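A short write-up of the structure that comes next.
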Amino acid sequence: MPRSRLVFLPFPGARFMAAFCLLSWACLVPILPASAAVKVQFELKEGATVSDTVTVAAKVTGADDIGIDKVEFLVDDQLKSTDTSTPYSFDWDTLAETEGKHTLTATAFDAQGRSQRAKINVVIDNELSKGADYLAGLALTAIKENKPDTAAKYSRRALKVDPNNRLAARSLAGVARAKGEYKQALAMLENVELPDNDIEVREELVALYIASAGNAETTEEFLKSAAKAVEVYSKLTAARISRAGATDARSKGDAFFAARNWTGAVGQYQKSGEGENPPMENVNRLILAYINAGRTKEALATIGTLDRQKRSDDGTRALHGFILLRDHQFARAHEIVQEGIENDSLPSLIVASYADLGLKQTKRAQAEAEKAFAIAPKLPEVLLLRAFTLNDAIDSDHAVMKALEYDPAQAEAYAVRGYQTMLTRASKRFSVADQLFDFALKRDPTCTYAQLGLALSLMGQNRTNEAEPLIVQALAGDPNGPDIHVARAVCYGLADKTVNINSELALAKKLDPEHWDDTYLPKINEMIGRTYLYRHPAVLTPLSLYPPKAIGE
């Protein structure tokens, strides 16, 4: 048994003094109220239905004198969050839980470790039982209604049901894209398994890669993203051809046209144009395919037949004007589409605007381009036209980038950027332009606009030997191009081949005395500017011949 230790006080009053000191010390320590005085209450009601990410908050009362150290939140007895400051809350992602009933617990701890808690039951209902497609459809509707937060909620729900749901991924990518978060948007779509015949998601991917390219800090990054867009676009055009099937020759011809398979397009349009009086939509498509395939004589012969049969319409006349435009006969091209301009015919407006640019009728060209844009604001050839008629350089570049979002394989669009780059004062303008022209020519080795642009860039770098073959190629594609003949004369001058200069200048003057009446060789920078203002790569497609209503929406 342990022994007690006795303490003796030396004088009688010592007991009184000790008791007095103990009492005084005790008075300095606050007496804590019972923890029952503290009350914890959820802001959510008992039995509430919750969805998506919800803020769970707890109100703690009766703790003014003692203070609360922390509040712990539990879901089904599993700790989810700890909050040490008011308002005591946490964001609960209900998609991480199962549908149905769950118990929430909030426990408040005071500085002494004492606690008080509250419990409620809630029901999670994210409508998952309705299926991924249903939820993804609601998400896409929200995107169209410009409700990104709602779209994100329904998309997350759809992906909870089916992580590979394409519609949901498209919607979430659309939300991210609207915020300028291109990498996140691309990650959402790149991870989706796409069947060979998918069109919609590939269209979104193409647009995202180009949007990402538009935000690139270097030309190399720009072209890297553009190359990915072209790669996806190639699969997209293959999917369109597959979806068109074997029975609809016109639709299949349009798909071949979009893939720049001119031979395939001609073949399909010929099938759709069979019979005594085939529909004009089919015949005009065939004429356009002939033009792009380099079969101009057949195109003109078909136009002549329609004229004799008095079947020509605004589309036919626009195609005739298109041929004249490509031959630099601007006045005749404008004249032949005059009736179509008055009828607000889209192909007529496109041809007229390009003709007016060649005639230096800038204001008229702008008005015609804006009318075309009002009809088809999402058509790449219309957006490319706007790039030449907009006064602001930033707006012009934006139009080019939008055109590429719909068709990243347009060699002309990259070439436009190349010319615009050469017209700046940047120290590396020619080397950057070279990359853009090279990329354009990989898309279309026969693009005269890019061939001439690259030749001018190389001459600006005194690389005449490399420029000369490109000029020869450009002349093969456009022997009546006066600007190409002047460029050849400049090239001869740089190479000290003076004997051929005058003949080239004389030929250019004969072809277009109003714009190319040169007695002396122009400087290379002057030549670049004049070519950019003179040579415009006009483009027509089946959609600009006959734009569906959806193009204008």
For this session: Could you list all residues from segment 364-406 that are more than 15 Å from the chain's Cα centre (by Cα) and within 27 Å of SER234 (Cβ to Cβ)?
Result: ALA376, GLU381, VAL382, LEU384, LEU385, ARG386, ALA387
Exercise. List the pairs whose first member sits in segment 465-488 and is closer than 12 Å to GLU504 by Cα, whose second member is among the aromatic types (Phe, Trp, Tyr) and buried (at least 16 other Cβ atoms within 10 Å of the Cβ), and whose Cβ atoms are under 7 Å apart, counting only residues at least 6 apart or on separate chains?
Worked result: PRO482/TRP516; ASP483/TRP516; ASP483/TYR534; VAL486/TRP516
For this session: Answer with yes or no whether GLN461 is open to solvent by 40 Å² or more (accessible area, probe 1.4 Å), more than 19 Å from the chain's Cα centre (by Cα) and farther than 30 Å from CYS491 by Cβ.
Result: no
Problem set entry | Odd one out for ALA403, checked against (1) in contact (Cβ under 8 Å) with a residue 40 or more places away in the chain; (2) touching a Pro at 6+ places or on another chain (Cβ under 9 Å) | (1)
Seminar exercise, completed: Residues in segment 217-262 that are in a loop (DSSP other than H, G, I, E, B) and open to solvent by less than 30 Å² (accessible area, probe 1.4 Å) total 1
Problem set entry | Matching entry among ALA433, ALA393 (being in contact (Cβ under 8 Å) with a residue 24 or more places away in the chain, touching a helix residue (DSSP H, G or I) at 6+ places or on another chain (Cβ under 8 Å), of a type in the set (A, V, I, L, M) and crowded, with 24+ Cβ neighbours inside 10 Å) | ALA433
Exercise. Can you tell me which residue in segment 93-117 is farthest from the chain's Cα centre (by Cα), limited to those that are closer than 22 Å to ASP69 by Cβ and at pLDDT 95 or above?
Worked result: THR107
Exercise. Using beta carbons and a limit of 8 Å, which pairs, at least six apart or on different chains, have the first residue in segment 167-183 and free of Cβ contacts under 8 Å to residues at least 40 places away in the same chain and the second one of a type in the set (Val, Ile, Thr) and outside any helix (DSSP H, G or I)?
Worked result: ALA169/VAL192
Exercise. Any residue at all in segment 481-492 that is open to solvent by 80 Å² or more (accessible area, probe 1.4 Å) and either of a type outside the set (S, T, N, Q) or out of contact with any Gly (no Cβ under 8 Å at 6 or more places or on another chain) (or both)?
Worked result: no
For this session: May I ask you to list the residues in segment 131-178 that are within 20 Å of THR53 (Cα to Cα), in a loop (DSSP other than H, G, I, E, B) and open to solvent by 40 Å² or more (accessible area, probe 1.4 Å)?
Result: LYS147, ASP162, PRO163
Exercise. Only one residue in THR61, THR49, THR55, THR84 is modelled with pLDDT of 90 or more, out of contact with any Phe, Trp or Tyr (no Cβ under 7 Å at 6 or more places or on another chain), more than 29 Å from ASP125 (Cβ to Cβ) and β-branched (Val, Ile, Thr), so which one is that?
Worked result: THR84
Exercise. Tell me, which residue of segment 263-289 that is open to solvent by 30 Å² or more (accessible area, probe 1.4 Å) and not in a helix (DSSP H, G or I) is modelled with the highest pLDDT?
Worked result: PRO279
Problem set entry | The listed residue being open to solvent by 50 Å² or more (accessible area, probe 1.4 Å) and assigned to a helix (DSSP H, G or I), out of GLU412, GLU466 | GLU466
Exercise. Can you name every residue in segment 326-382 that is closer than 16 Å to LEU288 by Cβ and open to solvent by 70 Å² or more (accessible area, probe 1.4 Å)?
Worked result: ARG326
Exercise. Among the residues of segment 290-335, which ones are part of a loop (DSSP other than H, G, I, E, B) and of a type outside the set (A, V, I, L, M, F, W, C)?
Worked result: GLY294, ARG295, GLN309, LYS310, ARG311, SER312, ASP313, ASP327, HIS328, GLN329
For this session: Among the candidates VAL71, VAL54, single out the residue that is in contact with a helix residue (DSSP H, G or I) (Cβ under 8 Å, 6 or more places away or on another chain), assigned to a strand (DSSP E or B) and either in contact (Cβ under 8 Å) with a residue 12 or more places away in the chain or open to solvent by 60 Å² or more (accessible area, probe 1.4 Å) (or both).
Result: VAL54
Exercise. Can you name every residue in segment 86-130 that is assigned to a loop (DSSP other than H, G, I, E, B) and polar (S, T, N, Q)?
Worked result: THR86, THR98, GLN112, ASN126
For this session: Search segment 303-325 for residues being open to solvent by less than 30 Å² (accessible area, probe 1.4 Å) and of a type in the set (S, T, N, Q), and hand back the single one that is farthest from ALA372 (Cα to Cα).
Result: SER312
Exercise. If the Cβ limit is 9 Å and pairs must be 6+ apart or interchain, which residue in segment 338-367 that is under 13 Å from ALA318 (Cβ atoms) and part of a loop (DSSP other than H, G, I, E, B) pairs with which residue that is among the basic types (Lys, Arg) and open to solvent by 10 Å² or more (accessible area, probe 1.4 Å)?
Worked result: ASP344/LYS371; SER345/ARG317
Problem set entry | Residues of segment 495-507 classified as over 18 Å from GLN473 (Cβ atoms) and not in a loop (DSSP other than H, G, I, E, B), total | 7
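The values are calculated or read from the model by the stated rules, or taken from the named source; none is laboratory data. On a predicted model such as this, the values are computed, not experimentally measured, just so you know. FYI the Cβ positions are ideal-geometry reconstructions off the backbone, even for glycines, and counts take in every protein chain you see. Just so you know, the surface numbers come from the protein's heavy atoms only, side chains and all, with ligands and any DNA or RNA stripped out. Shrake-Rupley method; radii C 1.70, N 1.55, O 1.52, S 1.80 Å.
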